[in-house]
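Visitor: Below is the structure I would like to discuss, written out as structure tokens.
The values are calculated or read from the model by the stated rules, or taken from the named source; none is laboratory data. On a predicted model such as this, the values are computed, not experimentally measured, just so you know. Note that we place each Cβ from the backbone using ideal geometry, even for glycine, and neighbour counts take in every protein chain shown. Note: areas computed on protein heavy atoms with side chains; ligands, DNA, RNA excluded. Shrake-Rupley method; radii C 1.70, N 1.55, O 1.52, S 1.80 Å.
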Amino acid sequence: MPVDVAPGTVTVYTDVVCAWSTVALHRFYAARSRLGLDDDLRADLRLFFLEDVNRFAIPQRMLDAEIPVVGQLEPGLGMSPWQQEPDAWPVTALPADEAVHAAKQQSLAAAEQLDMALRLAFFRDSRCISMLHEVVDVARGCDLVDADGIAAALDDGRARGAMMADYRVHRDDVQGSPHFFLADGSAVHNPGITMHADEDGGYPVVDSDDPSVYEDLVRRAAAAAAPSSTGRTDR
């Protein structure tokens with residue numbers, strides 16, 4: 001089944017605890033703003049559930065080694081290795097990912113805002129986003145998000161079914177997190193970055209990084225996703 005891309009959107013498969021997609025989305029939003037397309041193009045965030053793909057929770061040691069590499073690509077994000085006690089490490093990203101999809105039921109803009117806030121809560125502030133109260137507290141800091149609605153959705157699970165069903169259907173269509181799908185049928189995984197694993201430790205080594213690709217991606221996505229009549233898409 002092909003990945004659907006609604007008018008005025010680009011579909012992005014990702015996971016809140018993916019550092020590479022945190023950089024990618026930051027760059028996508030920045031390029032969109034520079035081009036004056038914030039009102040014309042939104043990210044439709046979908047789950048690529050890394051802990052299910054990998055069959056293990058993301059290890060602290062893996063991200064502590066990865067963050068110095070990824071973080072230097074966008075120093076302004078303030079990403080850092082885990083700063084709290086090891087036993088405070090979030091064992092699962094499921095509540096945070098589910099909250100983003102609950103926010104998407106409010107609006108795509110709300111989902112974008114909450115998604116990035118949860119990423120920074122984890123990667124910058126070392127908050128345990130496995131815990132419901134932490135997720136809801138992050139939502140309360142987002143002016144586009146109805147945090148009480150998020151809390152209710154996490155309690156009754158209203159967003160999880162559709163989120164997981166879409167992940168199951170498209171898991172094999174997704175190369176990894178992040179994977180952008182455009183309305184013209186094109187797709188790109190981790191735009192602008194090529195890398196390989198270090199032979200000794202298996203840590204990521206960035207071979208090339210070209211952030212300029214995001215302006216072209218945004219232009220193509222906006223052109224491909226534009227509705228037939230002019231005007232703002234539903235946000």
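Visitor: For the stretch 72-128 and the stretch 152-198, what is the separation of their C-alpha centers, rounded to whole Å?
Guide: For the stretch 72-128 versus the stretch 152-198, the Cα centre distance is 16 Å.
Visitor: Tell me the per residue accessible area of the stretch 1-89 using a 1.4 Å probe; a whole number in Å² is fine.
Guide: Spelled out: the 1.4 Å probe surface of the stretch 1-89, per residue, equals 42 Å².
Visitor: Quick one: which residues, 5+ away or cross-chain, put their amide H under 5 Å from the amide H of Met195? H built at 1.01 Å from N.
Guide: Under 5 Å from the amide H of Met195: Asp207.
Visitor: Carbon and sulfur together cover what percent of the accessible area of the stretch 126-216 at a 1.4 Å probe radius?
Guide: About 47 percent, which is the carbon plus sulfur part of the accessible surface.
Visitor: Treating the beta-carbon of each Lys and Arg as +1 and of each Asp and Glu as -1, no other charges, what is the dipole magnitude of the chain about its Cα centre, to the nearest 20 debye?
Guide: 500 debye
Visitor: Further question: Quick one: if you stick a label point 7 Å off each Cα along the C-beta vector at Gln105 and Tyr203, how many nm between them?
Guide: Inter-label distance under the simple model: 4.2 nm.
Visitor: If you count the DSSP beta bridges with both ends in the chain, what percent of them are antiparallel, to the nearest 5?
Guide: 65 percent
Visitor: Still on this model: Arranged from highest to lowest average of other beta-carbon atoms within 10 Å per residue, in what order do the peptides 73-79, 219-225 appear?
Guide: Per-residue mean Cβ counts within 10 Å order the peptides as 219-225, 73-79.
Visitor: Quick check on the stretch 71-121: take the gyration tensor over C-alpha atoms, sort the square-rooted eigenvalues as a ≥ b ≥ c, and tell me if it's rounded (a/c under 1.5), prolate or oblate.
Guide: oblate
Visitor: Accessible area per residue, 1.4 Å probe, Å², for the stretch 109-216: what's the number?
Guide: Normalised by residue count, the accessible surface of the stretch 109-216 is 48 Å².
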